[in-house]
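Take a look at the structure below.
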Amino acid sequence: MINLLPWREQQARMQRWRFFTRASVPSFLVILGFIAIYFLELQYQDDRELELSILQSEVMKIKQIYAEETNEIKEQALWKKRLERLHNQQRLRQLPLPIDVLPDKSSVEGIGLLVLHCQLQECVIEGSVEALYQLRPFIDGVASEPQVSSLQIEQLMPVTTIKGEGLNQFKISFQLGSEAF
């Protein structure tokens, strides 16, 4: 068979080629697009993972700094408490002996002293007296001391002893002034 129309055959090949290119090029471009998007997404994920690891390391550093600071603050507070205790103990040692504020023996007759203690500048005397009139010279004697201030009777109550005797219990508080130091 002799091909009398070779241009038709060529035209048919061209149409097949155009069909093939029109069908395959868009699908090839779509595949290339998906591959490009996949690699871009992979790169984006790697960047995010890198940023995440950097942030996590920064957070760990900040947590460590915070822990060190809180430990330092706790240690400072502990040392501050220790220093305050030391200052308080030194103040207690510097107080004059509480017995110095007691009046002479003549005004203490008939009074039984049970407790005499001072904490910092606050002092308390607890005791008992047979008759209330005996307490007045004692209070006047304590109040006349120059280092004593803010003297007051906090408690005064009658009590009956086991022997049936009547006593009056008292509690006197006062402050030692700065002249004593």
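The values are calculated or read from the model by the stated rules, or taken from the named source; none is laboratory data. For clarity, every value in this text was computed on a predicted model and none was experimentally measured. Every residue, glycine as well, gets a Cβ built from its backbone with ideal geometry; the counts of neighbours run over all protein chains shown. All accessible areas refer to the heavy atoms of the entire protein, side chains included, with ligands and DNA or RNA removed. Shrake-Rupley method; radii C 1.70, N 1.55, O 1.52, S 1.80 Å.
Enter the angle in degrees (range 0 to 90, nearest 10) between the Cα long axis of helix 6-94 and the first principal axis of the Cα atoms of the chain, meaning the one along which they spread out most.
In the chain, helix 6-94 runs at an angle near 10 degrees to the longest axis.
Under a straight-distance cross-link criterion of Cα-Cα below 28 Å, which lysines are reachable from Lys163, leaving out those fewer than 8 residues away in the same chain?
Answer for Lys163, where 28 Å is the Cα cut-off: Lys105, Lys171, listed by chain and number.
Per DSSP helix of 4 or more residues, -39500 (n - 2.57); summed, then divided by the residues of the chain. What does that give at 222 nm, rounded to the nearest 500?
-20500 deg cm²/dmol
Heads up, I need the accessible area for Ser150: 1.4 angstrom probe, whole protein in place, Å², nearest 10.
Accessible area, nearest 10 Å²: 80 Å².
Rounded to the nearest percent, how much of the accessible area of the chain (1.4 Å probe, protein heavy atoms only) is carbon and sulfur?
59
Quickly work out the Tyr133-to-Lys171 label distance, labels modelled 7 Å from Cα along the C-beta direction, and quote it in nm with one decimal.
The two pseudo-label positions are separated by 2.8 nm.
Enter the accessible area of Leu151 (Å², nearest 10), with the probe set to 1.4 Å and all protein chains included.
Surface open to solvent at Leu151 totals about 50 Å².
Rounded, prolate or oblate for the chain? Axes are the square roots of the Cα gyration tensor eigenvalues, ordered a ≥ b ≥ c, and the cut-off for rounded is a/c under 1.5.
In terms of gyration-tensor shape, prolate.
Hey, if we sort Thr21, Thr160 by accessible area with the 1.4 Å probe, largest down, what's the order?
I get Thr160, Thr21, largest accessible area first.
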